[in-house]
Each structure stands twice: as C-alpha cells, then as structure tokens.
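Visitor: Below: one structure in structure tokens.
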Amino acid sequence: MAEQSQLMKGILEGCILSVLARGESYGYRVVERMRAYGFDDIAEATVYPILTRLEKKGALQSERRLSTKGPPRKYYALTDAGRDALARFEESWSETAAIVGRVLKEKSHETGN
Amino acid sequence: MKQATRQTRWLIFISFLVSVSLIVTLVTYMAARGISSSRELWFVIGMMALSVVVFAAFTIIKLYRGKYARMLDVPYFAEYEKARDALNVAELSQAERREVKEDVLSMLIDAQKQGRSAQDVTGGDTDAFISRIRGAFGYRSTFVFNACSSVQFGIFLVSFLQSVNYMRMGGLTPFFESGLGLIMLIMYVPLVFLIYPLLRSAVRRQKPILMAIVLVVYATLFIGLIIVLDNTAYHVAWVRYILDTDVAVIFSWTMVIALAALAAIAQTIKWVLRQRSLRML
C-alpha cells in the first residue's frame, strides 16, 4: 500500500511538472488542468503539498501576484532543476510504461483475450 | 464580522471557563489566606485584570476576520479556521505559517466562487492536510524533534514563572532568589513532556473538549496529590521537603547562559533534522 502511494506520489509530481512546463500557473489552475486530463478526484489537498514539496526541492519557483478576487496568488514556474526532473520522469515513465505494457500484453496472449 | 463557527464558540466558551476558574481561585486564595500587604493585593488584582484582558483579547482575535477571510461564508471560514488553528501549532516558521494560511485562504475563496465544497480543498481531514504540508516543508514529527520543542517550552515556562514570581514579590527579592516550589517544578516535567504535546495534538485535531479535559484532569490530579500528601504524609521528611522547599532554577547569570545555550542546542538539532528531512523529500 505504501509502495503504491509512493508510486502515485511520483506520478503526480511528474504530471504536475509537465503541466507547469506548458506555462506558469497557480494552485487551482493546476488542479483544473489535472482534472481535465482525467485525474477526476484530485483536489487542492493533494496538489498543494506536492507544489510546496517541489518548490522546496528547487524544481519550482514561485511568485506572489495581486489578484482581483482575493489575496495575492502564488504562481509556480519550472526551474532548470524542475526541467531536469521532468526529463528524468519522462524517461523513467516511458521505461516503466513499456515494461508494464509488455507484461499485460503477454498476459492477454496467454489467456487468449 | 460574520456568524461565529462552532469551533470559535467552543474555544471562547473554554477560554471563558479558564478565566473564571482563575478568578475564582484567586478570590478563594484571598479569602483563605487573607491579604497581608497592599503589594499582594495589587498582585491579585493585577492577575484578575490580566485574566479578563486575555479573555477579551482572545475573543476579539477569534471573532475578527481579516480583509480576505471576511469574503468567506461560514462553512468555508470554518474550514479555514480549522486549518489556521492546526497551522498555529504546526512546527513551521512564522513566515511559512503566514504563507500557507494565505494560500489556504486563496484556495477556499476560489472554491467558494466556483461552488465547490470547502472539504474539496482540504480533503475533509484538516489534520492530515496540514501534516502533508508540514512534510512538504521538511518537518517531521519525530521523537527527537518533539523532545527538543518540549525542552524549549520548558525553558520558556520556567523563565516566565520565575519572572512572575519575582513580580509577585514586588521586586523585593532578587530575581535569582525568586524560587518556585519544588513540587511545582516536579509538576512541570509531565506538563512539558506529556501534557504540552497532547495539547498541541488536541488543537491540531480540532478537539477543544479534549484539550479542556486534559488540562482539568491534570490540574485536579496535581492539586489532589498535594492535598493528599499534605494531609497524610507530611510527617515524612522527604514529602515535607518536596512540599516546603522553594528552588530558584535560574539562580545565576551562568544558569541564564546555560539555559540559553540549551535552547540554542535544541534549535540547532531541530534545524539539522529539518535539513536532513528536506534532503529526503
């Protein structure tokens, strides 16, 4: 269970880096975009700690900007370290996806489906 | 100022009970012991006034909503309040706390405008949400980390109480001789290492009743123990020694330096633990 949650944490981190690679954004916009990609149940409760962790690791940098709708909003953007981390994630994800794909394909051949 | 949340009402009620209890205790003390000098009278009156002022200030702080928090309706403010209270006892720096509070507020305002529930933002479990944020900042709730916090709290408590005692004596007794009862110092050990972490946990988990119960039970047990020892075992030499002896913990400048050094060491250990934790993120 813990391994599964670690795996999910890594996947979400990678996806958030990828979303932010397309342009800087703030917390709720990131949640919206993640939902649009199919992470239906994702909420700020999950995304905000990940954004904070990525910022502490140096993968993101943030800037507060005035908002007309409330307190200043924190906008996140990728740093060079973040771009490197995203490249590593894309590479390791491609390998993992290929391996899992092969395993599942073989299983469906064996069962004749 | 909008309608108070359930949590606010509870906290104000508990704060009111604590203030009333303190005043009743002081009045009982005055009635039982009599007032032998105007200095003592002024001290008691001062403590009563302080109790009322602290209660009034606490109530105003709890009811006051900042510029942006005023934009929240009650269910959203209730969620913000839970997060804010949990953050206030979280092991974060002041700047980090302020930053996270602002972010949570901003997220709740967005949620309210988009018609999503407040629980959508925090996931419905504020304690877990704040714990994840603490983790993201590199803080870990380890035994050593908490022990260091307790040591710092203990140093603050002893310094504060010795200062109060010094003022109670009207400055007639030198500060380094303004001792506290040995029995009180013994009481502070479980208070610092057991009750204090328990209270922080109760605040973080939004359990104001548990907080009040812990305080009342501990005070009752302690006072009960003193009464029992006083009535049944006062003839025993070591019991008499514990009950009657005053000890000035801060008895010299060397001790001041030693305690400051201890607090600094505790802070350094916490800093090292945090840095290690940040590297593991």
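Throughout, read-outs are computed from the coordinates displayed, never taken from laboratory work. Keep in mind the model is a prediction, meaning the values are calculated, not measured. Here the Cβ positions follow ideal geometry from the backbone for every residue, glycine too, while neighbour counts run over all protein chains shown.
Visitor: Rounded to the nearest 10 degrees, what's the angle between the helix B:94-113 long axis and the longest principal axis of chain B, both from Cα atoms, 0 to 90?
Guide: 40 degrees
Visitor: Picking from A:Thr96, A:Thr79, A:Thr52, which is most flexible by a Gaussian network model of chain A using Cα springs under 10 Å?
Guide: Among A:Thr96, A:Thr79, A:Thr52, the largest mean-square fluctuation in the Gaussian network model of chain A belongs to A:Thr96.
Visitor: Another question, if that's okay. Give me the inter-chain shielding for B:66-72: mean count of other chain Cβ atoms within 10 Å, whole number please.
Guide: Working: counts 1, 2, 5, 2, 0, 3, 1.
Per residue, the number of nearby Cβ atoms from other chains is 2 on average.
Visitor: Where does each of A:Leu20, B:Leu199, B:Leu221 land when they are ranked from fewest to most other beta-carbon atoms within 10 angstrom? Walk me through the numbers on the way to the answer.
Guide: Numbers: A:Leu20 23, B:Leu199 19, B:Leu221 12.
If I rank by nearby Cβ atoms, fewest first, I get B:Leu221, B:Leu199, A:Leu20.
Visitor: Between B:Arg65 and B:Thr220, what is the label-to-label distance in nm when each label sits 7 Å out along the Cα-to-Cβ direction?
Guide: Going from the B:Arg65 label point to the B:Thr220 one covers 3.7 nm.
Visitor: Using a basic spin-label model with each label point 7 Å from the Cα along Cα→Cβ, how many nm lie between B:Val89 and B:Phe175?
Guide: 3.1 nm
Visitor: For B:Ala258 and B:Leu182 in one chain, what is 0.36 nm times their gap in residues minus the Cα-Cα distance, to one decimal in nm?
Guide: Working: separation 76, 0.36 × 76 = 27.36 nm, distance 2.02 nm.
Full-extension gain reported as 25.3 nm.
Visitor: I would also like to ask the following. May I ask you to list the trypsin sites (Lys or Arg not before Pro) in the range A:31-113 that are in a DSSP loop and have at most 11 other Cβ atoms within 10 Å of their Cβ?
Guide: Details: sites: A:Arg33, A:Arg35, A:Arg53, A:Lys56, A:Lys57, A:Arg64, A:Arg65, A:Lys69, A:Arg73, A:Lys74, A:Arg83, A:Arg88, A:Arg102, A:Lys105, A:Lys107; in loops: A:Lys57, A:Lys69.
Loop-located and lightly packed - A:Lys69.
Visitor: Could you state the angle between the C-alpha long axis of helix B:6-33 and the longest principal axis of the C-alpha atoms of chain B, as a value from 0 to 90 degrees rounded to the nearest 10?
Guide: The helix B:6-33 is inclined about 10 degrees to chain B.
Visitor: Kindly flag which residue pairs out of A:Lys74/B:Lys113; B:Lys62/B:Lys101; A:Lys57/B:Lys207 have an alpha-carbon separation exceeding 23 Å in this structure.
Guide: Details: A:Lys74/B:Lys113 18 Å; B:Lys62/B:Lys101 15 Å; A:Lys57/B:Lys207 34 Å.
As for pairs spanning more than 23 Å Cα to Cα, those are A:Lys57/B:Lys207.
Visitor: With a cap of 14 neighbouring Cβ atoms within 10 Å, and only residues DSSP puts in a loop, list the chymotrypsin sites (Phe, Trp or Tyr not before Pro) found in the range B:39-92. Mind dumping the intermediate values first?
Guide: Working: sites: B:Trp42, B:Phe43, B:Phe55, B:Phe58, B:Tyr64, B:Tyr68, B:Tyr76, B:Phe77, B:Tyr80; in loops: B:Tyr64, B:Tyr68.
Answer in residue order: B:Tyr64.
Visitor: Tell me, what is the FRET efficiency for A:Glu106 and A:Asp41 to the nearest 0.05, using R0 = 35 angstrom and their Cβ-Cβ distance as r?
Guide: Details: r = 31 Å, r/R0 = 0.88.
Once the sixth-power term is evaluated, E becomes 0.70.
Visitor: Taking chain B as the reference, fit the longest principal axis to its C-alpha atoms, fit the long axis of helix B:143-168 to the helix C-alpha atoms, and give the angle between the two in degrees, 0 to 90, nearest 10.
Guide: Approximately 50 degrees, to the nearest 10.
Visitor: Among B:Arg205, B:Arg39, B:Arg168, which one shows the biggest mean-square fluctuation in a GNM of chain B, springs joining Cα atoms closer than 10 Å?
Guide: Greatest mean-square fluctuation among the candidates belongs to B:Arg39.
Visitor: Relative to the present Cα-Cα distance, how much length would full extension add between B:Leu243 and B:Ser21 at 0.36 nm per residue of separation?
Guide: On the way: separation 222, 0.36 × 222 = 79.92 nm, distance 2.36 nm.
The B:Leu243-B:Ser21 span can extend by a further 77.6 nm.
Visitor: Here is a further query. So how strong a dipole does the protein assembly as shown carry about its Cα centre when Lys and Arg Cβ are +1 and Asp and Glu Cβ are -1, to the nearest 20 debye? Write out the running numbers ahead of the final one.
Guide: Details: 47 positive and 34 negative charges, 155 e Å.
Once rounded to the nearest 20, the dipole reads 740 debye.
Visitor: So if each residue of separation counts as 0.36 nm, and I subtract the Cα-Cα distance between B:Arg97 and B:Asp73, what length gain in nm does that give? Walk me through the intermediate numbers first.
Guide: Details: separation 24, 0.36 × 24 = 8.64 nm, distance 2.24 nm.
Stretched out fully, the B:Arg97 to B:Asp73 stretch lengthens by 6.4 nm.
Visitor: Something else now. Taking Cα pairs under 8 Å and at least six residues apart, what relative contact order does chain A come out at, in percent?
Guide: 25 percent
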